[in-house]
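Chemist: My structure is below; once you've seen it, I'll send some questions.
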Amino acid sequence: GNGVDMVTIVGHKFGAPKGIACLYVKPLCFVGGGGSNNEQQSLMQQPRNYMLLGGGQEGGQRAGTENVPYIVAMGTAADILMEQKEFGDMQWQQNAHWMKAMRYRLYKRLVAGLGDDVVRDNGPARHFDRLPNTLSVGLKGINASE
């Protein structure tokens with residue numbers, strides 16, 4: 001397996017409307033032995049503090065009515081992306097390379113402007129494990145919860 005327990009897929013990142021996403025949760029993710037690290041997984045429990053209360057949509061995991069047109073749009077955007085890939089259209093790869101370069105440029109400018117003692121890169125140590133369009137940094141002395 002790929003070691004993934006949970007993944008959020010955000011539709012507008014690949015052509016669907018803003019406001020639609022999906023969450024993959026590996027079966028048995030919240031019980032021992034179901035995840036990528038058995039020792040840690042045995043300590044995990046099903047979360048009980050939900051942010052949304054109400055109906056039993058999504059198997060009782062969340063409340064709210066599904067946005068069917070946006071769900072269909074996300075599926076269609078995924079289909080289009082796969083068709084482009086299938087027919088040799090590598091625009092998505094060019095876009096990924098460009099976004100990766102822009103992410104690196106932004107990080108370098110933050111470090112140049114604020115100092116490497118102030119800017120902390122929160123991303124994975126291995127740069128090829130990162131999303132090309134996402135940069136996460138911490139700033140010394142800044143508490144994100146304030």
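Chemist: Is it true that some residue in the stretch 121-139 is within 21 Å of the chain's Cα centre (by Cα), part of a helix (DSSP H, G or I) and acidic (Asp, Glu)?
Modeler: Taking every residue of the stretch 121-139 in turn, at least one turns out to be within 21 Å of the chain's Cα centre (by Cα), part of a helix (DSSP H, G or I) and acidic (Asp, Glu).
Chemist: On to the next question. Being open to solvent by less than 50 Å² (accessible area, probe 1.4 Å) and not β-branched (Val, Ile, Thr) is the filter; apply it to the stretch 1-10 and report the residue that is nearest to the chain's Cα centre (by Cα).
Modeler: Looking at the filtered set, the residue picked out is Asp5.
Chemist: (1) open to solvent by 70 Å² or more (accessible area, probe 1.4 Å); (2) touching a residue at least 24 places away in the same chain (Cβ under 8 Å): which one isn't true of Glu83, the others all being true?
Modeler: (2)
Chemist: Tell me whether the stretch 86-102 contains one or more residues that are surrounded by 14 or more Cβ atoms within 10 Å (Cβ to Cβ), at pLDDT 90 or above and outside any loop (DSSP other than H, G, I, E, B).
Modeler: Taking every residue of the stretch 86-102 in turn, at least one turns out to be surrounded by 14 or more Cβ atoms within 10 Å (Cβ to Cβ), at pLDDT 90 or above and outside any loop (DSSP other than H, G, I, E, B).
Chemist: Here are the criteria: (1) closer than 19 Å to His12 by Cβ; (2) over 19 Å from the mean Cα position of the chain (by Cα). Tell me which single one Arg103 does not satisfy.
Modeler: (2)
Chemist: Select from the stretch 11-37 the residues that are open to solvent by 50 Å² or more (accessible area, probe 1.4 Å), of a type in the set (A, V, I, L, M) and under 22 Å from Ala73 (Cβ atoms) and write down the one among them that is modelled with the lowest pLDDT.
Modeler: Leu23
Chemist: Collect the residues in the stretch 120-146 that are loosely packed, with under 14 Cβ neighbours inside 10 Å and of a type in the set (A, V, I, L, M), keeping them in residue-number order.
Modeler: Residues satisfying the conditions are Ala125, Leu139, Ile142, Ala144.
Chemist: (1) assigned to a helix (DSSP H, G or I); (2) exposed (fewer than 10 other Cβ atoms within 10 Å of the Cβ); (3) at pLDDT 85 or above: which one isn't true of Asp117, the others all being true?
Modeler: (1)
The values are calculated or read from the model by the stated rules, or taken from the named source; none is laboratory data. This is a predicted model, so every value here is computed, not measured. Don't worry about glycine lacking a Cβ; one is built from the backbone with ideal geometry, like all the others, and counts go over all protein chains shown. All accessible areas refer to the heavy atoms of the entire protein, side chains included, with ligands and DNA or RNA removed. Shrake-Rupley method; radii C 1.70, N 1.55, O 1.52, S 1.80 Å.
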